[in-house]
Amino acid sequence: MPQPIHYDTLLLPKWLVPVEPAGVVLENYGLAIRGDSIALLAPRERALKYSYAQVLELPDSVLVPGLVNAHGHAAMSLFRGMADDLPLHSWLQDHIWPAEARWVDEDFVRDGTDLAIAEQLLAGVTCFSDMYFYPEVACQQVHHSGIRAQICMPVADFPMPGIRDVDEALRMGLALHDDFKVHPRIDLAFGPHAPYTVSDANLDKLAALLNQLDIGVQMHLHETAREVQESLQLHGQRPLARVAERGLLGPLFQAVHMTQVDTADIQLLLANNCSLVHCPQSNLKLASGFCPVDRLWQAGINVALGTDGAASNNTLDVLLEMRSAALLAKAVSGNAAALNAHQALRMATLNGARALGLQDKTGSLESGKLADLVSINLSALATQPVYDPVSQLVYACHGSAVEHVWVGGKQLVHNRQLLRMDAEAIRARAKQWRARIQGTKG
């Protein structure tokens, strides 16, 4: 006699948006989890015929893949709001870099990363990319929290907290890659800060190492018109062309910002199958420029979504980032149909997974993929009535609508409560850092 099929958990949302295939909304479907993976997608009646340890009804909710925040600086959450309303170069050189030199150590990174992870989980982010100092500490916090992440080893010509020079950064990055290469939720990458902070000689050192490894590279590129102009004056070429000449471009190269784009840039990104990470709210806040997302999308470039750090955004809410990206794409292109709601959601899920080299594991709701899932409740007055749940997600929701989050089949948020992290302790440590940095008590 055949044995009954048994699964761990059955989720029964009102709507299910798989992202792949594109543009699909499934109503009254069930999703079953077995172990760390999605094991079944089926109409509700058929899904209920099997055996489950747990069945969770989600009658007012839409189930989507976990959101991917493809660029940020997690520990900078402790600098949130510290130097607002300034242009990029003044913000960075006159305020952020001096603050980092004074305050950043392993404890700062540990507490700031915890704050960022907690904020992101509560807003539906199941995977994020982090480029910051003491990456070994960030790896440990990711491990303990249960979230998924790409951790980038920072690379720059000058000494940084915890790193004396480029040679040490490359050695440390290689060692971290070896330490975590079998970890189920952590991937290592290199993060050369920007073309204006890494010399040709050091880019060549990184390129030589990359020839031996299948590993991601994330870099701030063409963030401002000033950056491009200075590169033309100093090197006689645009920053992306210079990076390409050094041999860094490829399928795992992630170009962050790209507010200044010409036809040659698009051709280089396409020829090397690179991804672009769009950070609309940070670009707007720092008046850095406008990434031509619709033009890039139409050209066939994989465009992902990032928040940047909380010091320049000031939130890590990818739902809000989706809305900003969609609205900005329409304004920049002059086309109200540019970057529709389904495309914006794809940017924040499957495109982000692809940028990080994780498209075979996460980013869409497909049988066999990891169960990185988010349930978003659409019952609030501000999201009524629901004609199209994806439109509501992109144009009417923010992170507070997230109710449940799973990463690799493990539930990390239940009814907006963190299950593996202590929210009160994280809040208390953030207040202590504010007091230290501000020089006050309490």
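Within the range 320-336, residues that are closer than 14 Å to D308 by Cα sit with their Cβ atoms under 8 Å from residues that are of a type in the set (G, A, S) and part of a helix (DSSP H, G or I), at 6+ positions apart or across chains, in these pairs: L320/G399; M322/A344; A325/A344. Looking only at the range 169-187, which residues are without any contact (Cβ under 8 Å) to a residue 40 or more places away in the chain and open to solvent by less than 30 Å² (accessible area, probe 1.4 Å)? Matches in the range 169-187: A169, L170, G173.
In the range 14-28, which residues are at positive phi and either crowded, with 16+ Cβ neighbours inside 10 Å or more than 24 Å from the chain's Cα centre (by Cα) (or both)? Steps first, answer last, please.
Initial filter on the range 14-28 (at positive phi): 19, 23, 28.
The answer is V19, N28.
Evaluating S199 against the criteria (1) of a type in the set (G, A, S); (2) within 26 Å of Q281 (Cβ to Cβ); (3) surrounded by fewer than 18 Cβ atoms within 10 Å (Cβ to Cβ) leaves one unmet condition, (2). In the range 258-286, the residues that are of a type in the set (K, R) reach residues that are crowded, with 24+ Cβ neighbours inside 10 Å with C-beta atoms within less than 9 angstrom, at least six apart or across chains, in these pairs: K285/D308; K285/S312; K285/N313. The residues of the range 95-132 that are touching a residue at least 24 places away in the same chain (Cβ under 8 Å), open to solvent by 20 Å² or more (accessible area, probe 1.4 Å) and of a type in the set (F, W, Y) amount to a single one, W103. Reported count of residues in the range 1-12, each being open to solvent by less than 60 Å² (accessible area, probe 1.4 Å), polar (S, T, N, Q) and more than 16 Å from V374 (Cα to Cα), is 0. Of all residues in the range 13-25, exactly one satisfies the criterion of being over 18 Å from K369 (Cα atoms) and either in contact with a Gly (Cβ under 6 Å, 6 or more places away or on another chain) or of a type in the set (A, V, I, L, M) (or both), namely V25.
So, A255, is that one modelled with pLDDT of 95 or more, surrounded by fewer than 18 Cβ atoms within 10 Å (Cβ to Cβ) and not acidic (D, E) or not?
Considered against the rule, which asks whether it is modelled with pLDDT of 95 or more, surrounded by fewer than 18 Cβ atoms within 10 Å (Cβ to Cβ) and not acidic (D, E), A255 comes out as no.
Every residue, every condition in (1) more than 14 Å from A53 (Cβ to Cβ); (2) touching a residue at least 60 places away in the same chain (Cβ under 8 Å); (3) in contact with a helix residue (DSSP H, G or I) (Cβ under 9 Å, 6 or more places away or on another chain), yes or no:
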position	(1), (2), (3)
T9	no, yes, no
L16	yes, yes, no
V19	yes, yes, yes
G23	yes, yes, yes
G30	yes, no, yes
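The test for being crowded, with 23+ Cβ neighbours inside 10 Å and of a type in the set (S, T, N, Q) does not hold for Q237.
The values are calculated or read from the model by the stated rules, or taken from the named source; none is laboratory data. Nothing here was measured: the structure is a model prediction, and the numbers come from that model. Backbone-built Cβ (ideal geometry, glycine too); neighbour counts: all protein chains shown. For accessibility, only protein heavy atoms count, side chains too; no ligands or nucleic acids. Shrake-Rupley method; radii C 1.70, N 1.55, O 1.52, S 1.80 Å.
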